Amino acid sequence: MEQTRIEYREKQLTGERALFMTRGADIVDCIFSDGESPLKESSDITVTNTSFQWKYPLWYCSDVTVRDSSFFEMARAGIWYTKNISLTDCLYQAPKGFRRVSGAVLENVDFPHADETLWNCSDIKIHKMLARGDYFAMNSSNLTIDGLNLAGNYSFDGCSNVTVTNSKLISKDAFWNCKNVTVKNSYISGEYTGWNSEDVTFEHCTLESLQGFCYMKNLKIVDCVILNTNLAFEYSTVDVTTRSSIKSVKNPLGGSISCAGIGELIFDDNAVNAENTKITINGKEK
């Protein structure tokens, strides 16, 4: 026998755990205000045109769909320990938005205060997102991202299995301590990009970084534009092709670099063998 769904419509819900452990419900045109954890431990719910105005709205939930809704600044630490959730056409103003969430789909969601958001999450799909805040997506895995515009430092620290396409990142120290990252058709500007990471590929991107791409294993830069970048590739193994010039390259451990020119090529560490790196300038080996 099919269970009848519950509907909450045009209600202002207050008090701690206002709809605690709700099962099989449609929440439409409602306001959750002045009360923590209103939907904690809930499952199989849809939320439409609703606002969350207080802390911890969706903890330990599963199978949640949220559309055309808003998370106010005080909806802090809003979605933690939740599985299988989608947000579409939402404004998410609060910081620390997602922690230890698995199976999330975020489409056309704006995060104006995305500090410490998407930490320790897995199996996340993002399409069309505007985010501003530091430490975005730290220690998360299995991320598929298309159309992310991010302004915030230290993004994607400690991530693994990440694909980013058609995105713009203004982010110091992006992609540190990562494994298995592919970035395509994107723009990245920020100091010290990619340190201590391995198996990272940039394809058809525009890159700008002070002392970027150092201490990396198996770095691939494929048909990218590298602008205003100096002291690059120190102690990294590289496979680089760019149609632009590079301001300076310092102590690469090995591999190949093909570019239009290098302003300064520096080998000042006796432990680094310059012969391990093939340098090609405008098609001619240097």
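The values are calculated or read from the model by the stated rules, or taken from the named source; none is laboratory data. In this text, all values refer to a predicted model and were calculated from it rather than measured experimentally. Ideal geometry is used to build each Cβ from the backbone, glycine not excepted, and the neighbour counts take in all protein chains shown. Side chains included, ligands, DNA and RNA excluded: accessible areas come from the protein's heavy atoms. Shrake-Rupley method; radii C 1.70, N 1.55, O 1.52, S 1.80 Å.
With all protein chains present, how much of the accessible area of segment 13-139 (probe radius 1.4 Å) comes from carbon and sulfur, to the nearest whole percent? Don't skip to the end; give the middle numbers.
Values: 2270 of 5180 Å².
Carbon and sulfur: 44 percent of the exposed surface of segment 13-139.
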### Query
Along segment 9-16, what does the Karplus equation 6.51 cos²θ - 1.76 cosθ + 1.60 (θ = phi - 60°) give for ³J(HN,Hα), rounded to whole Hz, x for Gly and Pro?
10, 6, 10, 9, 10, 10, x, 5
### Message
Please list log₁₀ I(q)/I(0) at q = 0.07, 0.08, 0.09 Å⁻¹ for the chain, using the Debye equation with identical point scatterers on the alpha-carbon positions.
### Response
-0.33, -0.41, -0.49
### Spatial separation of Cα centroids for segment 131-166 and segment 221-258, in angstrom
23 Å
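Nothing charged except the Cβ atoms of Lys and Arg (+1) and of Asp and Glu (-1): what's the magnitude of the dipole of the chain about its Cα centre? Round to the nearest 20 debye. Don't jump to the answer; show the numbers that get you there.
On the way: 28 positive and 36 negative charges, 44 e Å.
Dipole about the Cα centre, nearest 20: 220 debye.
Classify segment 82-132 as rounded, prolate or oblate, taking a ≥ b ≥ c as the square roots of the eigenvalues of its Cα gyration tensor: rounded when a/c is under 1.5, otherwise prolate if a/b is larger than b/c and oblate if not. Walk me through the numbers on the way to the answer.
Values: a/c = 1.92, a/b = 1.18, b/c = 1.63.
It comes out oblate by the Cα gyration axes.
To the nearest 20 debye, what charge dipole does segment 234-286 have about its Cα centre, counting +1 at the Cβ of each Lys and Arg and -1 at the Cβ of each Asp and Glu?
Numbers: 6 positive and 7 negative charges, 59 e Å.
Around 280 debye, computed over segment 234-286.
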#### Entry: Segments 115-121, 44-50 sorted - mean Cβ within 10 Å per residue, highest first
115-121, 44-50
### Summary
Distance in nm between K172 and D115 label points, each 7 Å along Cα→Cβ, equals 1.5 nm
### Message
Computing the accessible area with a 1.4 Å probe over protein heavy atoms, can you report the carbon and sulfur percentage for segment 148-230?
### Response
43 percent
### Task
Provide the per residue accessible area, probe 1.4 Å, for segment 60-106, rounded to a whole number of square angstrom.
40 Å²
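Calculate the all-directions average of the projected area of segment 53-153's alpha-carbon convex hull, and give it in nm². Please report the intermediate quantities before stating the final value.
Details: hull surface 19.6 nm².
Approximately 4.9 nm², given one-decimal rounding.
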### Query
Over segment 210-252, what lengths in whole Å, largest first, do the semi-axes of the equivalent ellipsoid take, defined as the square roots of 5 times the eigenvalues of the alpha-carbon gyration tensor?
15, 13, 7
### Task
Give the accessible area for K128 in Å² (nearest 10); use a 1.4 Å probe, count only protein heavy atoms, and leave out ligands, DNA and RNA.
120 Å²
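Tell me the per residue accessible area of segment 151-208 using a 1.4 Å probe; a whole number in Å² is fine. It would help to have the intermediate numbers written out before the result.
Details: 2130 Å² over 58 residues.
Per-residue accessible area for segment 151-208 comes out at 37 Å².
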### Message
If I model a spin label as a point 7 Å beyond the Cα along the Cα-Cβ vector, how far apart are those points for Y60 and D29 in nm?
### Response
3.3 nm
### Summary
Non-local residues with an amide H under 5 Å from the amide H of I126, with H modelled 1.01 Å from N and Pro and chain starts lacking one, are L106, T144, I145, D146
### Query
Using modelled amide H (1.01 Å from N, peptide plane; none on Pro or chain starts), what sits under 5 Å from the amide H of Y8, excluding residues fewer than 5 places away?
D26, I27, V28
### Summary
Quick calc of log₁₀ I(q)/I(0), segment 1-114, Debye, one scatterer on every Cα, no solvent, q values 0.20 1/Å, result -1.02
#### Entry: For segment 58-176: relative contact order, % (alpha-carbon pairs under 8 angstrom, 6 or more apart)
16 percent
### Message
Per residue of segment 100-107, what does 6.51 cos²θ - 1.76 cosθ + 1.60 with θ = phi - 60° give for ³J(HN,Hα)? Whole Hz please, x for Gly and Pro, Karplus curve as stated.
### Response
6, 9, 10, x, 10, 10, 10, 10
### Query
Which value, in nm² and rounded to one decimal, describes the direction-averaged projected area of the C-alpha convex hull of segment 199-286?
4.7 nm²
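Any idea what % of Cα-Cα pairs in segment 94-193 are farther than 23 Å?
Numbers: 381 of 4950 pairs.
Summing the P(r) tail past 23 Å for segment 94-193 gives 8 percent.
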### Query
How far apart, in nm, are the 7 Å Cα→Cβ label points at E285 and E203?
2.7 nm
